[in-house]
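The values are calculated or read from the model by the stated rules, or taken from the named source; none is laboratory data. A quick note: this is a predicted structure, and the numbers were derived from the prediction, not measured. Ideal geometry is used to build each Cβ from the backbone, glycine not excepted, and the neighbour counts take in all protein chains shown.
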Amino acid sequence: MHRHPCAPSARVSITSGFSSGFWAIAPALCAALVLAACGGGGGDDPPAATPITAAADALTVASGSSGQLLANDRLGGAVATAGSGGNVSFTLTSAAPPAGVTVSNGTVSIGAAAVPGTVSLSYRICEAASGSNCATATATITIPAPPIVAAADTFALAVGGSADVLANDTLGGAPATASSVGVTATAALPTGITLSGAGMLQVGATATGGSYAVGYRICQTVAPSNCATATATVTVPVVGTVSGRAVDAATALGVAGVTVRVGGLSATTDASGAFSISGVAAAERLTVLFESTTHAETARIASLAAGSTADVQARLLRVGTTASVDVATGGTVSVAGTPAQVVLPAAGVQRADGSVPTGAMQVRVTPINPASDSSLMPGDFSTVVSGTSRPIESFGAMNVTLRDGTGGALNLRSGQTATIRIPVGTRSASTPSTIPLFYFDAATGRWVQEGTATLAGTAPNQYYTGTVSHFSTWNADQVMNTVRLTGCVSDSLGVRIAGARISGDGVNYSGTTSATSDTAGNFTIAVRSSSQTTLVAQLGSRLSNTLTASSTTVDGTLGSCLVLADAVSGGVTMKLTWGSQPSDLDSHLIAPDGSIVYYGSRGSLSSVPFASLDVDDISAFGPEVVTVTRLMVGTYKYVVHNYSGQSSTMLSVSGARVELSLPGRVAELFVPPTGITSETLLTNWWQPFELDVDASCNITVRRVATYSTLRPTAPAFTTPVYCTR
C-alpha cells in the first residue's frame, strides 16, 4: 500500500539547517503540493456534472397563442432557457409537428391552420456548456377549438347587389374569412337570392321585393365540427322599370348614346333614343339623369310603383357652344346670338380628386329657356324650404360643364368663383331687378338656393348676371307665391277616379306643380297666385282633357272635374306650344266624320265628335290642347295654323312643337321641318301627322311634315263609326 505523502504517519527526513519556523508551515505547504499533484484533492474520479432535468408537459394552447415547454425544466436548479443567451440547447426528437403547430427553442405556437385536438411531442435539452449533459421529456399539447361567433346581419340590397355575411363574424376573436371558415345556408334560399361558400349574399334579377330571413352556418375550415349559426335579414326593395326616350328638343329625333342613370343603375339610349332600366327600387320620387357628349345634361323626376314601369321622356338641348380655354389663364366663353356667357378665373379649376389639370379644358355652355318648354328644365321646379317642398318660378337657366383633356369632369376650386350671364326666359310679363340663384342638385333632384343675380341688358337681350362657386345647371328663379286649387278627377260617367296624377303648367309664368287624386277622386294643387295654369290628369295610359285654371290671391275650387278618357280609347291629346313669336298659333283637328275642332268650333267631350279644343292661346307660348276621348274609325288630320301670318314669324323658326300622347304609348314629339323650299310667306299651314284608327282602336301615326297655303280639305259629313276593343 502506498501511503499519501502528507499522511500523518509519513516520515519525512529534514535536512539540517532549516529554521524552526519552517515546521510551522510545513503542513499547509504539503497540502498545497498534494492538491497540485492530485487534481484538487478529489481523488482519482472526474468532477460531478451539473444536474439537468426535463419534466413532462401537459399544456393547453389556443389558436393564436403559445406555450413554454421549458417552464418546468431545470439546469443546476435554474430554469432552463434556450436560444440566444440560453443555458440549454433544445432539440425536437419526435416527428415534425402537424400544420399550424410550430416548436422553436421550447416555445410551442399554435396558428390558425392548426387542427383542434391533441399533439404529442418529445424533446431533448442539453447543457449549453456541455453537449453531453442532457435530459429528455415528452409533452402533450391540447389545442382547443377556437370560439366561433356568427352575428346576425341586416342588409338592404337591390337587384344586383351583394353583401358579405362574414363581415361581423369571428373565429378565435379574429375576423372570420373565406379561408378560415366555410358558409352554408341552413334552409332553402328565397328565389333569386344566392349564398356562396365564401359568405357572399347576392340578389339576382329574379328576386322579388320583400324582407327575407336567410339562415346560415359558418364552420371552421380545418375543424368542420366547430360551427355557429346566425340569420341575415335581407330587404330587397320593391322594384319596377324606368324606360322612355331621349329626344332632341329642336328636331324631336331620338338621341343615341345618352347615358341614363337612376341611382346606381344605368343604361345607354339606342339609335331611336330609347332606353330601359329594370330593377329600379320603387319610390314616389326618382331622379333620372341624362348625360350626353352632344347635348346638355338634364334630369327628369319620376314616380315608380312596385312592379310597374315609369315612362320618362326627356327633351335634350343641343350644347349651345363648346370652347377650349387654357386652365392657367382662364377666359370668357359666350354663346353666339344670346347673352349667355361664363367668365372663368385663372388656374381656378380642379378634378374631383383635387388634382389641378394643365393645358386646355373644354367648356360647354347651354342656355335654357323654360318659357318655350318647361320640360327643358332639369327636375320639377321644386326646392326645399325649412324641410318642406316648395315650387319655384324660373326666369331663365344655363348649364355649364368643364372637362379636361381626357374628358374628366372639372369644377371650380375651393375659394374660386366664376361670373355667369343667364338669358332671361319667362312667360311672366315682368322680371325682377334682382333674383335668387339656384343650382340643380343631381343627388336630390331639387333646386338649391345659393347667391343672387342682377338683371342687366336691354330687351330682348336681357340677362341675369351673378357669381357662382361651382358648376351644374344654374337657374335665375324665386320661390313661388302660391295658392291652392281644389278639383276632382272623374270618368265620362261622373265616377270619381283615385290615384290619377295631375300636372299643372303655368300659362303666364314658367313653373310646374303636381298632385295626386285621393280615394274620393279629389286633389289639391299649388299654383302661382293671380295667374293662369293648365291642368291635366293621367292614370296609366288614360288621359284627361286639359283645363285652364285662373287663380286669385286666395285658395279656390275648380268649376268642373278633369275627365279621364274611357278605358277603350284611353284618350288622345295633342299639345301645341311655341316661342314668344308669333303671338298666335292655332290647332285644327279634322275628324273622320268631317267635323273640325278649332277655335271657331271647339267641339265636345261628351257628345259628337268626342273631341275638344280644351285650351286656346292667343298670346304666345301656348299651350293649345286638343283632346279626343272616343275614337272614330278612319283618319284624323291634325294641322297647325299660323294665325299671325308667316310674315310675323315663319313656322320653321317659331319654336313650335306638338306633343302627341296616345294610350299605352310613349309621347311623340313633332316640330316644323326646316330647310325645305316649300315653306314661304304664304304657307301658313303645317301638318305634322295623321292618325289612322281601325275598328279595334289600333292607332297608326303617319308623319306628314308638310307646309301648305290652305287647310287640308275635310271629308263630307258622315255618321261616325266608333272603334271598340
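Tabulated data
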{"read-out": "Verdict on ARG245 being in a strand (DSSP E or B), crowded, with 17+ Cβ neighbours inside 10 Å and either modelled with pLDDT under 95 or among the basic types (Lys, Arg) (or both)", "value": "yes"}
{"read-out": "Failed criterion for ALA526 (all others in (1) surrounded by fewer than 23 Cβ atoms within 10 Å (Cβ to Cβ); (2) farther than 30 Å from GLN449 by Cβ; (3) of a type in the set (A, V, I, L, M); (4) modelled with pLDDT of 95 or more hold)", "value": "(2)"}
{"read-out": "Single residue of segment 465-483 satisfying the filter (hydrophobic (A, V, I, L, M, F, W, C) and part of a strand (DSSP E or B)) that is surrounded by the most Cβ atoms within 10 Å (Cβ to Cβ)", "value": "ALA476"}
{"read-out": "Complete set of residues in segment 251-287 that are touching a Lys or Arg at 6+ places or on another chain (Cβ under 8 Å) and either closer than 22 Å to VAL203 by Cβ or surrounded by fewer than 16 Cβ atoms within 10 Å (Cβ to Cβ) (or both)", "value": "SER272"}
{"read-out": "Residue within segment 317-327 that is closer than 21 Å to ASP441 by Cα and either within 22 Å of the chain's Cα centre (by Cα) or surrounded by 18 or more Cβ atoms within 10 Å (Cβ to Cβ) (or both) present", "value": "yes"}
{"read-out": "Any chance VAL115 is under 30 Å from THR177 (Cα atoms), out of contact with any helix residue (DSSP H, G or I) (no Cβ under 9 Å at 6 or more places or on another chain), touching a residue at least 24 places away in the same chain (Cβ under 8 Å) and not in a loop (DSSP other than H, G, I, E, B)", "value": "no"}
{"read-out": "Considering residues of segment 604-659 that are among the acidic types (Asp, Glu) and touching a residue at least 60 places away in the same chain (Cβ under 8 Å) only, the residue farthest from THR683 (Cα to Cα)", "value": "ASP614"}
{"read-out": "Selection within segment 146-156 - farther than 13 Å from VAL181 by Cα and surrounded by fewer than 19 Cβ atoms within 10 Å (Cβ to Cβ)", "value": "ALA151, ALA152, THR154, ALA156"}
{"read-out": "Out of ALA252, ALA283, ALA205, ALA228, sole residue that is modelled with pLDDT under 95 and more than 30 Å from THR401 (Cβ to Cβ)", "value": "ALA205"}
{"read-out": "Segments classed as strands (runs of 3 or more DSSP E), wholly inside segment 271-327, with at least 2 members that are assigned by TED's automatic domain parsing to the domain that holds LEU253 and touching a Gly at 6+ places or on another chain (Cβ under 8 Å)", "value": "274-281, 283-291, 298-304, 309-316"}
{"read-out": "Only one of ALA453, ALA500 that is touching a Leu at 6+ places or on another chain (Cβ under 6 Å), under 24 Å from LEU376 (Cβ atoms) and crowded, with 19+ Cβ neighbours inside 10 Å", "value": "ALA453"}
{"read-out": "Close pairs (7 angstrom Cβ cut-off, 6 or more residues apart or separate chains): β-branched (Val, Ile, Thr) in segment 344-362, surrounded by 12 or more Cβ atoms within 10 Å (Cβ to Cβ) and assigned to a strand (DSSP E or B) anywhere", "value": "VAL349/MET361; VAL349/LEU402; VAL349/LEU410; VAL349/ASN411; VAL349/LEU412; VAL356/GLN350"}
{"read-out": "Residues within segment 58-81 that are part of a loop (DSSP other than H, G, I, E, B), surrounded by 19 or more Cβ atoms within 10 Å (Cβ to Cβ) and aliphatic (A, V, I, L, M), tallied", "value": "3"}
{"read-out": "Residue, surrounded by the most Cβ atoms within 10 Å (Cβ to Cβ), within segment 328-345, restricted to residues that are among the hydroxyl-bearing types (Ser, Thr, Tyr) and part of a strand (DSSP E or B)", "value": "SER334"}
{"read-out": "Residue within segment 456-464 that is surrounded by 15 or more Cβ atoms within 10 Å (Cβ to Cβ), in contact with a Phe, Trp or Tyr (Cβ under 6 Å, 6 or more places away or on another chain) and assigned to a strand (DSSP E or B) present", "value": "no"}
{"read-out": "Test: LEU691 is part of a loop (DSSP other than H, G, I, E, B) and hydrophobic (A, V, I, L, M, F, W, C)", "value": "no"}
{"read-out": "Count of residues meeting criterion [assigned to a loop (DSSP other than H, G, I, E, B) and within 22 Å of the chain's Cα centre (by Cα)] in segment 193-225", "value": "6"}
{"read-out": "Subset tally (residues that are touching an Asp or Glu at 6+ places or on another chain (Cβ under 9 Å), over 19 Å from VAL343 (Cβ atoms) and at pLDDT 95 or above) for segment 411-439", "value": "3"}
{"read-out": "In segment 694-713, residue surrounded by the fewest Cβ atoms within 10 Å (Cβ to Cβ) [restricted to those that are of a type outside the set (Lys, Arg) and part of a strand (DSSP E or B)]", "value": "THR700"}
{"read-out": "The one condition in (1) over 21 Å from SER583 (Cβ atoms); (2) assigned to a helix (DSSP H, G or I); (3) not acidic (Asp, Glu) that SER678 fails to fulfil", "value": "(2)"}
{"read-out": "Residues located in segment 591-603, provided they are assigned to a strand (DSSP E or B) and farther than 23 Å from MET650 by Cα", "value": "ILE596, VAL597, SER601, GLY603"}
{"read-out": "In segment 424-455, the residues that are within 20 Å of SER372 (Cα to Cα) and part of a loop (DSSP other than H, G, I, E, B)", "value": "VAL424, GLY425, THR426, ARG427, SER428, ALA429, SER430, THR431, PRO432"}
{"read-out": "Matching entry among THR548, THR552, THR533, THR573 (being out of contact with any helix residue (DSSP H, G or I) (no Cβ under 6 Å at 6 or more places or on another chain), surrounded by fewer than 19 Cβ atoms within 10 Å (Cβ to Cβ), part of a strand (DSSP E or B) and not hydrophobic (A, V, I, L, M, F, W, C))", "value": "THR548"}
{"read-out": "Leading residue by the ranking (farthest from THR332 (Cα to Cα)) among those in segment 446-467 that are at pLDDT 95 or above and aliphatic (A, V, I, L, M)", "value": "VAL448"}
{"read-out": "Output for segment 489-509, where each listed residue is part of a loop (DSSP other than H, G, I, E, B) and among the aliphatic types (A, V, I, L, M)", "value": "LEU493, VAL495, ILE497, ALA498, ALA500, VAL507"}
{"read-out": "ALA443 being surrounded by fewer than 18 Cβ atoms within 10 Å (Cβ to Cβ), in the same structural domain as THR383 (by TED's automatic domain parsing), within 29 Å of the chain's Cα centre (by Cα) and modelled with pLDDT under 95", "value": "yes"}
{"read-out": "Any hit, segment 300-320, residues being hydroxyl-bearing (Ser, Thr, Tyr) and under 30 Å from GLY457 (Cβ atoms)", "value": "no"}
{"read-out": "Sole exception among (1) more than 41 Å from the chain's Cα centre (by Cα); (2) under 21 Å from PRO592 (Cβ atoms); (3) in a loop (DSSP other than H, G, I, E, B) for PRO663, by number", "value": "(1)"}
